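Take a look at the structure set out below.
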Amino acid sequence: MSDDKDDRPEPQYGVYATPEEQRARIQKPDATWSIETGESVTDAPASASANKAGAVPRASVDPGRSRAIDRIVTFALLAYALVNVAVAALALLDFPQYAATVFEVMGIPGEFTNLDGGQTWGTAAAVALIIGYLITAWFSVRRTMAGKIAWWVPLVGAVVTHLVVGALAIVPLMSDPAFTAYLTSIS
């Protein structure tokens with residue numbers, strides 16, 4: 001007695017179908033293809049159950065439009081950052097005046113006296129600020145040219161760069177007697 005039935009389990013839906021056959025069967029566009037090519041599939045039939053329920057089908061997002069918005073936002077953030085970097089770098093290069101402004105804003109009595117240390121660390125902070133901006137701009141442009149979302153890069157770059165610049169700028173302030181006396185008086 002020969003058994004025509006195979007010992008393998010019954011195949012599930014679509015196990016032996018090609019991706020094209022599966023898409024044709026379920027009548028939906030291939031989202032992976034749409035994402036990879038950046039083209040929307042316009043000939044996809046609407047779901048019959050959604051139309052029976054009276055729901056309005058959602059408009060598909062145009063990848064070209066979202067990329068254009070991403071580019072505009074990315075380059076607007078980079079332009080804004082460029083202005084801020086130029087102003088802040090010039091201020092850090094004249095660190096004694098920068099420290100005097102910090103003292104005035106914080107209400108610290110006295111005068112900044114660590115002039116040599118301030119000039120050295122202020123220059124280092126200005127250079128770090130410029131290098132941080134250049135790296136951020138380079139990475140943003142690369143992601144934009146690759147068609148990837150890049151609006152977040154200037155934001156992350158600004159946070160990281162300002163942490164480094166703040167650490168460099170605080171060193172001469174912490175070694176100034178008037179600044180440390182003020183810090184000990186408020187604690």
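The values are calculated or read from the model by the stated rules, or taken from the named source; none is laboratory data. Note that this is a predicted model, so its numbers are computed, not measured. Because the Cβ atoms are built from the backbone with ideal geometry, glycine has one as well, and the counts that use them run over all protein chains shown. When the accessible area is computed, the model is the full protein with side chains, heavy atoms only, and any ligands, DNA or RNA have been set aside. Shrake-Rupley method; radii C 1.70, N 1.55, O 1.52, S 1.80 Å.
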Exercise. Quick check, is residue 108 surrounded by fewer than 17 Cβ atoms within 10 Å (Cβ to Cβ), among the aliphatic types (A, V, I, L, M) and touching a helix residue (DSSP H, G or I) at 6+ places or on another chain (Cβ under 8 Å)?
Worked result: no
Seminar exercise, completed: The residue that is nearest to residue 129 (Cα to Cα), considering only those in the stretch 65-110 that are among the basic types (Lys, Arg) and in contact (Cβ under 8 Å) with a residue 40 or more places away in the chain, is 71
Problem set entry | Filtered residue count, the stretch 75-103, keeping only those that are β-branched (Val, Ile, Thr) and open to solvent by 80 Å² or more (accessible area, probe 1.4 Å) | 2
Exercise. Restricting attention to the stretch 117-128, does a residue exist that is of a type outside the set (Lys, Arg), more than 17 Å from residue 158 (Cβ to Cβ) and over 33 Å from the mean Cα position of the chain (by Cα)?
Worked result: yes
Exercise. So which residues in the stretch 101-117 are farther than 25 Å from residue 82 by Cβ, of a type outside the set (D, E, K, R) and assigned to a helix (DSSP H, G or I)?
Worked result: 103, 106, 115, 117
For this session: Consider residue 186 carefully, then state whether it is hydrophobic (A, V, I, L, M, F, W, C), more than 21 Å from residue 70 (Cα to Cα) and open to solvent by less than 80 Å² (accessible area, probe 1.4 Å).
Result: no
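Of these, 164, 159, 171, which one is within 22 Å of residue 93 (Cα to Cα) and surrounded by fewer than 12 Cβ atoms within 10 Å (Cβ to Cβ)?
Values: 164 fails: surrounded by fewer than 12 Cβ atoms within 10 Å (Cβ to Cβ); 171 fails: surrounded by fewer than 12 Cβ atoms within 10 Å (Cβ to Cβ).
Only one candidate qualifies: 159.
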Problem set entry | Residues located in the stretch 118-136, provided they are open to solvent by 20 Å² or more (accessible area, probe 1.4 Å) and either outside any helix (DSSP H, G or I) or touching a Pro at 6+ places or on another chain (Cβ under 8 Å) (or both) | 119, 120, 121
